[in-house]
Amino acid sequence: MQVNENKEFRPKIVAFCCNWCSYAGADLAGTNRLNYPVDVKIIRVPCSCRVNPMFILRAFQRGADGVIMCGCHPGDCHYTSGNYFARRRMTLLFSMLDFMGIERERTRVEWVSAAEGAKFAATMNEFVETVTKLGENKRLEDLRCKKQ
Amino acid sequence: MFKLPIDKLNDFFAAVSAAQTLYLPVDGEDGRASYKAWSEGTVLSKALNTVRSAKDFFFPQTVNICDFNRNGLNIEVIDNRTESEDFVVFGVRACDARSFAILDKVFLAEPVDTYYATRREHGTVVTMACTQPEENCFCNVFGIDATAPEGDAACWMTEDALYIKANNEKGEKFIESVKSLLTECGTEAVEAQQSATKAVMEKLPFAGISTDYFRKNTLLEIFNSEKWAKLSESCLACGTCTFVCPTCQCYDIKDYDTGHGIKRYRTWDSCMYSDFTKMAHGNSRNTQLQRFRQRFMHKLVYFPDNNNGEFGCVGCGRCLSRCPISMNIVKVIKTFGEE
Amino acid sequence: MQEAVIKRAKELLADGTVNRIVGWKSGEFAYDTTPAVFTSAEEIDAGFIYNDFCAPNLSKYLIKESRKEGKLLVFLKPCDTYSFNQLIKEHRIIRDNVYIIAVPCRGKVDIDTVKATGIKGIIGMESDGETVTVKTLYGDTSIPKSETHGDKCKTCKSKKHVIYDEIIGEDGEVNDDGARFELVEKLEMMTADERYDFWRGELSKCIRCNACRNVCPACSCENCVFDNPDSGIAQRAATDSFEENMFHLIRSFHVAGRCTDCGECTRVCPQNIPLHLINRKYIKDINEFYGDYQAGSDLETRAPLNAYTFDDCEPNIVYKRGGNE
């Protein structure tokens with residue numbers, strides 16, 4: 001087992017998970033005892049479509065180093081079409097963040113069904129690794145919210 | 001009066017800058033001037049004026065006044081003011097220099113605004129006389145002489161030299177600090193420039209506008225005038241005029257919750273905004289007409305009523321050139337003036 | 001042109017078709033025109049103008065004006081008609097209360113562009129469509145009109161009116177040569193660091209005067225999210241760089257898919273921030289991802305963010321692009 005030294009950078013990751021698929025997927029990852037980093041903080045939303053661009057920015061403002069949004073696979077939305085709208089929204093928002101020079105790897109969308117506990121864990125492991133490599137979020141940070 | 005050969009200008013800035021931070025108007029990539037701190041290679045802008053006014057130095061757009069931390073049942077108040085450093089603002093025009101006098105009346109009256117007072121104490125204002133006024137200038141309407149600006153020390157720039165004269169003790173101290181570069185001289189060159197500029201000033205399109213209406217009529221008559229409706233009808237309710245204005249002084253205090261404490265900010269506010277002076281009962285000015293009227297009543301009626309007739313406008317012309325729909329104080333003065 | 005416009009305005013006012021007119025009013029100098037409402041022939045004679053200096057987009061005023069008593073007449077330039085259409089689509093203008101006369105536009109003179117050429121003390125200007133004659137305090141000069149256009153007109157998207165009741169003069173053509181995306185493309189080709197530096201440089205100039213928001217025909221919410229005291233950045237100066245970014249990111253996102261690219265935001269910005277580039281980036285992305293779409297060009301199509309297809313691209317398309325390292 002690897003022991004993290006205090007000095008080592010641990011990113012803060014916010015994961016928006018839809019209630020019907022991805023949150024259940026995270027649950028399944030837990031019941032199956034799959035490992036994924038504790039750095040991931042899950043926020044449950046009724047549907048991926050509930051995620052407003054402001055949520056993503058707020059997460060960064062409040063100290064997140066990476067934000068990932070998980071929803072039902074396209075076609076499987078509990079509300080029929082929510083994730084289709086969310087998909088367009090996030091595509092445009094991520095493209096804009098990239099256009100403003102914010103590291104594009106800090107944001108991600110992943111479709112995780114209730115049966116994909118393994119995919120959830122793998123996605124989170126990979127995302128945490130990517131963000132760890134990027135280091136601290138400096139470009140969309142709000143210094144006021146950092147604890148000195 | 002002292003003289004500095006123009007090719008020594010850079011040495012002059014370097015000498016000033018060695019002792020304290022020197023701010024001066026610098027052209028941006030888009031050709032618009034703004035105040036920047038001098039460093040080797042910085043070139044003084046030739047623009048008539050900066051887009052933002054010089055009030056920023058004494059009354060910045062945002063100030064973090066203090067912080068609060070909760071510690072059990074106690075609330076800790078942290079005054080995060082740091083020791084202020086001395087600084088020099090160079091190249092301030094006569095209009096902006098007068099605006100400081102107006103702001104002083106507001107912020108230095110009891111109770112003194114210590115944030116403003118500290119900055120005023122530490123700042124030396126070195127003004128620059130105008131030579132090429134533009135169409136939007138109307139400082140002369142408010143009795144400002146653009147060829148003999150106020151400020152701690154005043155400068156005149158000709159093709160081959162910079163002339164400088166102290167207006168007060170602070171200015172004398174400033175000149176003393178760079179004396180090795182200066183030579184004493186007569187006033188002939190400056191006087192020649194002044195009379196040439198004055199000839200242009202007389203021909204300015206707004207040179208003759210009269211503010212008599214606002215002196216002759218009572219507050220209520222002006223307030224209740226039907227003209228406000230027409231003047232304000234296309235106002236977009238943005239705050240551009242108030243934010244570029246050198247004499248607008250309204251501010252708002254807001255607490256920001258950082259998640260682990262509170263930061264208290266003072267930021268500029270604009271009477272054009274829908275939540276300006278919003279109170280527990282709601283808002284006292286609900287329409288744009290009322291908000292628009294507030295701005296001009298303040299500048300042309302309320303302020304003079306409280307300050308021996310001195311208007312709250314210095315005629316810098318910034319609101320004229322920046323208003324998205326070209327509605328401005330000159331149009332207001334003229335509309336009321338037509339009787 | 002102006003004579004024909006004034007003649008028609010007076011006729012419609014006289015025969016009772018309309019009871020007021022939304023147009024442009026002359027100012028102190030040739031260039032400072034103000035949108036205004038005219039209710040009589042006398043008022044029209046006193047100040048109504050239509051010329052190469054009438055840049056303000058009148059469509060937004062119709063949100064308020066079209067809800068008032070009686071029918072009004074409005075003069076719309078080609079780009080204003082796109083905003084008008086978009087506002088109708090969003091049920092913000094009562095169409096039946098508006099009589100539109102389309103007026104041609106061959107690009108408007110932007111005073112800041114003229115002043116940036118070094119011309120000072122402008123007390124008068126005249127344009128014959130080719131050359132702008134400038135009268136200044138320091139002598140007269142002239143400048144080709146093509147050099148006086150602001151960002152709004154330099155890359156005009158259309159000289160064709162998309163909605164009107166009658167038209168004065170000739171209608172123009174839609175311009176789809178893509179020239180308006182050139183600067184966006186240039187930015188896309190930069191590295192992320194360069195793009196970051198570019199936008200920090202621009203957005204740090206922002207004084208949060210809200211002119212871009214208040215002039216924007218797409219920003220027509222009764223209550224803006226930024227006017228909410230709980231938003232943390234309500235209507236006030238940005239206290240930190242995050243707020244500067246946040247304001248412009250969210251404002252542009254809120255108008256994404258609805259922005260007609262009228263360019264008013266950049267025209268009015270006192271700090272000369274190229275805000276239209278942010279909006280154009282959204283337009284360009286929408287065109288590339290979901291097919292060509294021009295907000296306001298018609299009344300039927302669904303806005304791209306209100307629509308979807310089963311096989312839309314995935315958000316990870318963003319990672320596959322160039323210009324990262």
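The values are calculated or read from the model by the stated rules, or taken from the named source; none is laboratory data. Note that the structure is predicted; figures quoted are calculated from it, not measured. Every residue, glycine as well, gets a Cβ built from its backbone with ideal geometry; the counts of neighbours run over all protein chains shown.
Structural remarks
- Odd one out for C:ASP298, checked against (1) in contact with an Asp or Glu (Cβ under 9 Å, 6 or more places away or on another chain); (2) in contact (Cβ under 8 Å) with a residue 60 or more places away in the chain; (3) more than 10 Å from chain B (Cβ to nearest Cβ): (1)
- One residue alone among B:THR42, B:THR50, B:THR21 is within 29 Å of B:LEU182 (Cβ to Cβ), of a type in the set (Val, Ile, Thr) and within 13 Å of another protein chain (Cβ to nearest Cβ), and that residue is B:THR50.
Every residue, every condition in (1) in a strand (DSSP E or B); (2) crowded, with 19+ Cβ neighbours inside 10 Å; (3) at pLDDT below 95, yes or no:
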{"position": "B:PHE13", "(1), (2), (3)": "no, yes, no"}
{"position": "B:LEU22", "(1), (2), (3)": "yes, yes, no"}
{"position": "B:VAL26", "(1), (2), (3)": "yes, no, no"}
{"position": "B:GLY31", "(1), (2), (3)": "no, no, yes"}
{"position": "B:THR42", "(1), (2), (3)": "no, no, yes"}
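- Some residue of region B:259-269 being of a type in the set (Ser, Thr, Tyr) and touching a helix residue (DSSP H, G or I) at 6+ places or on another chain (Cβ under 7 Å): no
- For C:THR239: the one exception among (1) away from chain B (no Cβ under 14 Å); (2) part of a loop (DSSP other than H, G, I, E, B); (3) buried (at least 20 other Cβ atoms within 10 Å of the Cβ): (1)
- Matching strands (runs of 3 or more DSSP E) fully within region B:117-177 where at least 3 residues are modelled with pLDDT under 95, in contact with a strand residue (DSSP E or B) (Cβ under 8 Å, 6 or more places away or on another chain) and of a type in the set (Gly, Ala, Ser): none
- Elements of the type helices (runs of 4 or more DSSP H) sitting completely within region C:57-153 and holding at least 2 residues that are within 12 Å of chain B (Cβ to nearest Cβ) and more than 17 Å from C:TYR31 (Cβ to Cβ): these cover C:61-65.
- Scanning region C:203-218 for residues that are crowded, with 20+ Cβ neighbours inside 10 Å and either within 14 Å of chain A (Cβ to nearest Cβ) or outside any helix (DSSP H, G or I) (or both) turns up C:LEU203, C:CYS206, C:ILE207, C:ARG208, C:CYS209, C:ASN210, C:CYS216, C:PRO217, C:ALA218.
- Meeting the requirement of 3 or more residues that are more than 12 Å from every other protein chain (Cβ to nearest Cβ), more than 15 Å from A:PRO11 (Cβ to Cβ) and touching a residue at least 24 places away in the same chain (Cβ under 8 Å), the helices (runs of 4 or more DSSP H) wholly within region A:32-148 are A:117-134.
- For region C:244-291, a tally of residues being within 14 Å of chain B (Cβ to nearest Cβ), among the aliphatic types (A, V, I, L, M) and in contact with a Pro (Cβ under 9 Å, 6 or more places away or on another chain) returns 1.
- Every residue from region B:221-267 that is of a type in the set (Lys, Arg), facing another protein chain (nearest Cβ under 10 Å) and either closer than 30 Å to C:ARG20 by Cβ or not in a strand (DSSP E or B) (or both): B:LYS230
- Residues being within 21 Å of B:SER234 (Cα to Cα), among the polar types (S, T, N, Q) and in contact (Cβ under 8 Å) with a residue 12 or more places away in the chain - total across region B:285-339: 5
- When B:CYS66 is tested against (1) within 14 Å of another protein chain (Cβ to nearest Cβ); (2) within 18 Å of the chain's Cα centre (by Cα), only condition (2) is not met.
- Test: residue in region C:190-199 that is more than 30 Å from B:ASN286 (Cβ to Cβ) and more than 8 Å from chain A (Cβ to nearest Cβ): yes
- Whichever residue in region B:125-180 is surrounded by fewer than 18 Cβ atoms within 10 Å (Cβ to Cβ) and polar (S, T, N, Q) and, among such residues, is nearest to the other protein chains (Cβ to nearest Cβ): B:GLN132
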